[in-house]
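Chemist: Next up is a structure, given as structure tokens.
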Amino acid sequence: MMTMDSFRQGTSFLHRFDPRAKLFLLVPMFVCFFLPMPAWLLVPYAAAMMAVVALSLGVRDLLPPLKTIAPVLVLICILTPPFHRDGPEFLRIAGFPLLTLDGARETLVMLMRFLGITFGFFAVVRTISLDELVLSLRWFGLPYTACLVIIIALRTMPSLAGTWRNVLDAHRLRSGPGDGRRRRIVATYLPVLTSLLIEAVKGIPVLAMALESRGFGRRARRTSLAQLKKGPVFARDIAAAAGATLLLIAPVFFGI
């Protein structure tokens with residue numbers, strides 16, 4: 001149950017960057033994407049996040065987050081333009097302005113916000129191991145119980161997703177390639193959900209042992225084998241994160 005996570009081992013510049021600095025930089029990045037900035041400024045921001053993922057993880061890692069948010073992006077493109085009808089019209093159907101300059105601008109803003117936040121968060125989570133994440137959150141003052149909730153969620157969700165795919169493939173193999181009967185959705189997925197629930201219940205003892213091995217519920221002083229960076233390396237990374245933060249928020253203060 002707790003053997004899968006989203007961390008990918010690597011030696012890129014983002015992997016070597018201090019995890020505390022990455023988390024520190026993540027907050028102003030999210031804030032910038034929600035500030036009322038013009039669309040032309042959000043485009044390079046989102047492009048920069050995608051470039052960071054491509055340079056640190058590879059171009060192929062651009063596809064998984066895109067596939068995840070693809071339905072949301074499609075809905076934005078369909079639903080946003082009709083509710084913003086100011087400016088010159090580009091498309092009119094049956095007397096109704098379907099696409100205007102204001103609608104295209106708002107659609108672009110929404111798309112860039114979703115893409116930028118998704119790829120920024122993906123870059124950080126993909127390059128921070130769970131041990132480093134817990135130590136970093138503890139360094140920021142987050143309680144250990146809250147850190148455990150985060151680490152369990154980050155490890156359990158990918159594990160359940162993998163179990164879902166395995167169980168679904170097993171049920172498809174049992175039905176056989178020649179089984180072309182159309183069954184209702186409930187009849188199709190109810191056995192899969194039942195099998196997934198059974199696998200989740202079987203993993204409860206493993207989760208309990210994992211929590212016990214991590215000292216959950218004990219009040220003794222907590223120690224850790226893993227250590228975060230100290231000294232000049234940590235100071236350099238924090239300074240770089242502070243400089244990147246100033247670059248992100250500078251357009252807002254200068255009224256761009």
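Chemist: As a check on your grasp of the helix formula, calculate [θ] at 222 nm for the chain: sum -39500 (n - 2.57) over DSSP H runs of n ≥ 4, divide by the residue count, round to the nearest 500.
Modeler: Numbers: 10 runs with 174 residues, N = 256.
One gets -23000 deg cm²/dmol as the mean residue ellipticity at 222 nm.
Chemist: List the aspartates and glutamates whose Cα sits under 17 Å from the Cα of Lys229, skipping any in the same chain fewer than 8 residues away.
Modeler: Reachable aspartates and glutamates: Asp18, Asp131, Glu132, Asp237.
Chemist: Here's something else I'd like to know. Would you be so kind as to identify which of Val201, Gly116, Ala51 lies farthest towards the positive end of the dipole of the chain, taking Lys and Arg as +1 and Asp and Glu as -1 on Cβ and the Cα centre as origin?
Modeler: Towards the positive end, the residue furthest out is Val201.
Chemist: Counting Lys +1, Arg +1, Asp -1, Glu -1, what net charge surrounds Thr107 among other residues with beta carbon under 15 Å of its beta carbon?
Modeler: Working: positive: Arg85, Arg105, Arg113; negative: Asp86, Glu89, Asp102, Glu106.
It works out to a net charge of -1.
Chemist: Helix hunt in the chain: which complete DSSP H runs extend at least 15 Å axially by C-alpha with mean Kyte-Doolittle at least 0.0? Spell out each step's value before the answer.
Modeler: On the way: long enough: 19-34 (23 Å, 1.60); 39-57 (27 Å, 1.99); 63-79 (24 Å, 2.11); 101-126 (37 Å, 1.07); 144-175 (46 Å, 0.51); 185-202 (26 Å, 1.55); 232-253 (31 Å, 1.58).
What comes out of the filter, once short or polar helices are dropped, is 19-34, 39-57, 63-79, 101-126, 144-175, 185-202, 232-253.
Chemist: Going by average Cβ neighbours within 10 Å, how do the peptides 8-15, 43-50 rank, with the highest at the top?
Modeler: On the way: 8-15: 12.8, 43-50: 17.8.
The most tightly packed comes first, giving 43-50, 8-15.
Chemist: Quote the charge dipole size of the chain about the Cα centre in Debye, to the nearest 20; the model charges only the Cβ of Lys and Arg (+1) and of Asp and Glu (-1). It would help to have the intermediate numbers written out before the result.
Modeler: Numbers: 29 positive and 14 negative charges, 172 e Å.
It comes to approximately 820 debye.
Chemist: Another question about this same structure. With all distinct Cα pairs included, what does the Kirkwood hydrodynamic radius of the chain come out to in Å, to one decimal, could you say?
Modeler: 21.9 Å
Chemist: Rounded to the nearest 0.05, what FRET efficiency is calculated for Cys77 and Glu212 with R0 set to 51 Å and r the Cβ-Cβ distance? Let's see the in-between values first.
Modeler: Values: r = 49 Å, r/R0 = 0.96.
So, using R0 = 51 Å, E works out to roughly 0.55.
Chemist: What are the residues whose amide H is under 5 Å from the amide H of Leu98, where those residues sit 5 or more places off or on another chain and H is modelled from the backbone?
Modeler: Leu91, Arg92, Ile93
Chemist: For a paramagnetic label modelled at 7 Å from the Cα of Ile238 toward its Cβ, which residues of segment 127-157 fall within the zone defined by backbone nitrogen distances under 17 Å?
Modeler: Residues passing the 17 Å test: 135-142.
Chemist: A follow-up question, please. Where a ≥ b ≥ c are the square roots of the eigenvalues of the C-alpha gyration tensor, would you call segment 25-76 rounded, which needs a/c under 1.5, or, failing that, prolate if a/b is larger than b/c, or oblate? Don't skip to the end; give the middle numbers.
Modeler: Working: a/c = 1.95, a/b = 1.23, b/c = 1.58.
It is oblate, given that a/c is not under 1.5 and a/b is not larger than b/c.
Taken together, the values in this text are just the output of simple stated rules run on the coordinates, not laboratory data. Treat the numbers as computed from the prediction; the structure is a model and nothing was measured. Virtual Cβ from ideal backbone geometry, glycine too; neighbours counted across all protein chains shown.
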